[in-house]
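Okay, structure first, notes after.
The values are calculated or read from the model by the stated rules, or taken from the named source; none is laboratory data. Computed from a predicted structure; not experimentally measured. Neighbour counts are summed over all protein chains in view; Cβ atoms, including those assigned to glycine, are modelled from backbone coordinates with ideal geometry. Heads up: the accessible areas ignore ligands, DNA and RNA and are worked out on the full protein's heavy atoms, side chains in. Shrake-Rupley method; radii C 1.70, N 1.55, O 1.52, S 1.80 Å.
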Amino acid sequence: MAELPLLSWLLLIYPLGALLMWLAPRALPPRALALAIGGLGVGMSLLIVGGFDAAVPGFQMRESADWIPTLNIRYAVGVDGLSVLFLPATALLFLGVILASWNGTRTLPRLYFTLLLLLAGAITGVFCALDTILFFLFWELTLIPIYFLVSLWGVGPHRSYAATKYTLIMFAGGVPLLFGFLILAFNHAAYTGAGVPAGLGFDLPALLATPMSTRLQVAVFVLLLLGFAVKTPVFPVHTWLPLLAMEAPVAVVALLAGLKLGAYGLIRFAVPLAPEAAHSLHWLLAALGVTGLVFGAVAALAQTNLRTMLAYAGLSHVGLVLLGIAAFNLQGIQGAVLQLLNFTLVAGGAFLATSFLRRRLGSTDIANMGGAARSMPLLASFFLAFGLAGMGVPGTSGFPAELLILVATLQTHPGAGLAALFAMVLSAAYFLDLYRRAFFGPATSPAVIEALDLRPRELLILLVFVGLILGFGLFPAALLEVIESSAGAWAAKLAHAAP
Amino acid sequence: MIDLLERLHASLPPLAMLQLLPLIGALILLRLGERPLALVIGHVVPLAELGLALHVYRVLDVHNPSFQFVEHLHLLGPLAYHAGADGVTVLFVVLTALTIALLPFYVRVRGLEDQTRLLALLLAIEALMMSMLVTLDLLWFTLASGIELALAGYLVGNWSNSPQKDLAMLRFFQFQGVGLVMLLAGALIIAWTHRDATGHDWTFDLQVLAGQPISPHIGAVAFFLLFYGLGIRTPIFPFHGWLPTVAQHGNMAIAPTLLLGVKMGVYGLVRFVLPILPQVATTWAPYVTGFAAAGVFYAALLAFQQNNLRLLIAFAVVSHTSLVVIGIFSLDAIAFQGGVLLAANFGFAVTAMMLMTGLVHRRTRTTNLARLGGLFDRIPLLALTFLVAGLAIVAMPGTPGFDAAHLVLEAGIHRFGALTTVAAALGNVVAAGFLLWAFQRAFLAPPPATRTALVETATPMELAIAGALVVVMLFAGFHMEPLLAMVDPPLRLLALRFGDG
């Protein structure tokens, strides 16, 4: 089983599915094909997790082939404990998005589902690439489907503007990222003494083993931090997220909010590749984390729309992830990865629930809602469940993640830890307040009174998400076990680099 | 077919064939006039030429850095026929043949008038371009360039339905005339100095001239003249004055494709200027790069202000050509590779954008962005082709632009430090800005109220043209290795002249 190139197959099925979409007979509805591919993706990613040996800290299931030998650029993929769980998370969220778009996509459905599949393939690639250039390829390839999904199927009046703004900001963010990778490659060439281009190094495991002067490390760390911060997003480069939350199709926002590629990039590349610089700049990470945490929470308080509220809540939560990373210890990184996985379920699920709400009411502004719980009790309860998981209430998957991060942060950055505790109180305030105004009180709008509750298809999606939230909330050990040995190696490398 | 080529190769000199085949085709077309057979020949000959170019690519020894298939013939006095090809030559030869092979189909789709004469003109231009690419004689290059530009100017001024087409033709000839005089003067100065220094006969042979260093003072004058001359034709900022008028009022896609799709000026720099004048090029590189860095942004800002898709693409060309210049004037092996591949990539991408613009114009009768819009639903694949070309220009991974651009960036960091290079990379982001915005206005924006009829969907022939363009771009983007391997040895040899090796 282990000999099968499962990762490559997983990477391949999405684009193949996209291609099939155009070759298949017209009678076959695109959504059915997309669903089949999405299901296949979930199955294969679970197979990968099943075949993953949690006791081994390094990269597993590695595959490697020449791509551009002249420049030492390779096709290299592999997973370790920090990344392997993102594969089923991605596949599951995509399946949810495909199901959530089942009836809502009237114009050009074939193209819509093609783009979704291409996006799924690119994001999966981001999580398994072990060559910096290959990673960059997948990273940038995510932009094109998003651009089209937002500009063609966006729900807001400024969707074109939002799509262009997002793409340009991401292009700009790609520049420091590429520069960081190039500096790493040059350093590898200088270290091996093989000269340029023979000594250029883009292979992640090789780069991790290449020593680098502290000055260069600082440059690399800052460049990568900049590039990843834009995508995460981290305050103050977050302005695209609330905009997109209003303009993009809600199901697509679920993907962007649920899969924090930028934070993953920090964990995978920025910190381990420049450990000494990361150590000396720990205050920067922690400061960015705290600012985002508090700013996001305060901004969320001021929102009157569920979608922008969720966007700012996401900004706040990702601040917590940064704090977990900045602790540079086992609990911190475990909590950070757990929190990222938790996001996929919570933020992804919440945005999917919002998309169901929007389809019924045509809006997610509280001015048009009031009393929604009366006509849609199921939807209201699921939304509450996502909110509670976001707050980190015990029993939900948010709890172990936030607890680990808080424990780690209180040890290393006590001030930041206290601020985080405060922000968690705020998170209860913004969520519960908006929830009360949106779902309780007298129903005045006819749209709300006549709204139907969840259909079976929607119920199924939310049930799976909430089931996983509760399951992993009660038994976090199942996830932590997979993460642990890789997280331990990650923290050990950083402890080794400590001044 | 391959057998036949094999036998032809054994008996005929391939580089001479590359030049003669389209020339003969052109003559036959002129002879046949309006007969239907002429159109068939007009389509077949460029395809045969593409086959021949691919054959040359196949038999080229990519590991050998020196010139291959060398042909030599003494003609009148100092003018000699001396042809040879290395990896760089073949890259441009294949690019030229591929681009021109697509054009007859485009001509047919557009239903342009007087097609036989147009196809004959195309073939004649192709013959001259091939001649410029394979020649190793500076005078030959200059003369072929002159005739080619004259024919291209004729193409610019005819086959255009703008009322100001005469103005476009006039501007073109004014600028290119000056450029040619400069080029010729530069060539003469170099040859004259060489004759004075050695006492031999006059010669313009690349290998002879490159073997003899030139005094820096005279060299600087010659460099200035050659760079100026080639800069006008490329066009490099700030020598691009002719381009906006020609782009707006000249012939729509065909002439710009021939002039901008194959960056002959860049090829001239790499083939002649850098090997003959390495010291002077090193001295002047910082200035050239400074101008180029300014050009990236100046042209990008102008591109942002355009309401006409044709003008926007014209400024995009000026902007990205500056990037190529930054690449080449970083003056080491990686820089040359990046610059040359970037030039080829930009050329092909611009060809794709021009042709798609032409196909849009066929439907809308305008390229004014305010009057386009709403086209994506009707012609999604043509729109996607335009977008892929745009992405190739902004060096998106997965297009040939990416590897080329990152080579240029690597070299730039090496030579000029991070700042210039960051500026260049940001120039790319700006380019992404105006290209995406243009795409949005042209294809995604709501259709204008004045348009009442439904836009015609793409015909099979149009889809075939667009498909060919996309397939080539993506294939080269994901499978860059052969191209890199092909240009690597000769450019490494060139880099030795600049102390890199």
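A few points about this structure:
- A:G96 vs. criteria within 22 Å of the chain's Cα centre (by Cα), at pLDDT 90 or above and surrounded by fewer than 17 Cβ atoms within 10 Å (Cβ to Cβ): no
- For B:R35, the requirement of being under 26 Å from B:G347 (Cα atoms) and basic (K, R) is not met.
- Residue in the range B:414-426 that is in contact (Cβ under 8 Å) with a residue 12 or more places away in the chain, within 20 Å of the chain's Cα centre (by Cα) and more than 7 Å from chain A (Cβ to nearest Cβ) present: no
- Scanning the range A:327-350 for any residue that is within 19 Å of A:G441 (Cα to Cα) and either charged (D, E, K, R) or surrounded by 18 or more Cβ atoms within 10 Å (Cβ to Cβ) (or both) turns up nothing.
- Considering the range A:411-499, the qualifying helices (runs of 4 or more DSSP H), each wholly inside and each with 2 or more residues that are of a type outside the set (A, V, I, L, M), within 22 Å of A:H317 (Cβ to Cβ) and touching a helix residue (DSSP H, G or I) at 6+ places or on another chain (Cβ under 7 Å), run over A:414-439, A:456-474.
- Filtering the range A:48-82 to residues that are touching a residue at least 12 places away in the same chain (Cβ under 8 Å), surrounded by fewer than 18 Cβ atoms within 10 Å (Cβ to Cβ) and among the small types (G, A, S) leaves A:G51, A:A54, A:A55, A:G58, A:S64.
- Identity of the residue in the range A:194-224, more than 13 Å from chain B (Cβ to nearest Cβ), touching a Pro at 6+ places or on another chain (Cβ under 8 Å) and surrounded by 19 or more Cβ atoms within 10 Å (Cβ to Cβ), that ends up farthest from A:L266 (Cα to Cα): A:Q217
- Screening B:A466 on (1) farther than 30 Å from B:V59 by Cα; (2) touching a residue at least 40 places away in the same chain (Cβ under 8 Å); (3) part of a helix (DSSP H, G or I); (4) open to solvent by less than 30 Å² (accessible area, probe 1.4 Å) shows it passes everything except condition (1).
- Some residue of the range B:62-78 being in contact (Cβ under 8 Å) with a residue 24 or more places away in the chain, crowded, with 24+ Cβ neighbours inside 10 Å and small (G, A, S): no
- Given (1) at the interface with another protein chain (Cβ under 9 Å from one of its Cβ atoms); (2) touching a residue at least 60 places away in the same chain (Cβ under 8 Å), index of the condition B:L436 fails: (2)
- Selection count where residues are under 28 Å from B:L309 (Cβ atoms) and at the interface with another protein chain (Cβ under 10 Å from one of its Cβ atoms), scope the range B:404-413: 1
- Matching residues, the range B:391-401, being open to solvent by less than 10 Å² (accessible area, probe 1.4 Å) and part of a helix (DSSP H, G or I): B:A392, B:I393, B:G401
- Taken across the range B:355-372, residues that are modelled with pLDDT of 90 or more, under 14 Å from the mean Cα position of the chain (by Cα), crowded, with 24+ Cβ neighbours inside 10 Å and away from every other protein chain (no Cβ under 14 Å) do not occur at all.
- Hits in the range A:51-86 - residues which are within 14 Å of chain B (Cβ to nearest Cβ), outside any loop (DSSP other than H, G, I, E, B) and of a type outside the set (A, V, I, L, M): A:D66, A:W67, A:P69, A:T70, A:R74, A:Y75
- Checking every residue in the range B:139-152 against the condition of being buried (at least 24 other Cβ atoms within 10 Å of the Cβ), of a type in the set (G, A, S) and under 19 Å from B:V350 (Cα atoms) gives at least one match.
- Every residue from the range B:473-498 that is under 30 Å from B:P275 (Cβ atoms), open to solvent by 50 Å² or more (accessible area, probe 1.4 Å) and part of a helix (DSSP H, G or I): B:R492, B:L493, B:L496
- Residue within the range A:380-389 that is surrounded by fewer than 22 Cβ atoms within 10 Å (Cβ to Cβ), under 28 Å from A:V464 (Cα atoms) and of a type in the set (S, T, N, Q) present: yes
- Single match in B:A445, B:A458 (criterion: within 14 Å of chain A (Cβ to nearest Cβ) and open to solvent by 10 Å² or more (accessible area, probe 1.4 Å)): B:A445
- Residue in the range A:466-473 that is modelled with pLDDT of 90 or more and of a type in the set (V, I, T) present: yes
- Scanning the range B:380-403 for residues that are within 9 Å of chain A (Cβ to nearest Cβ), closer than 14 Å to B:F434 by Cα and of a type outside the set (V, I, T) yields a total of 2.
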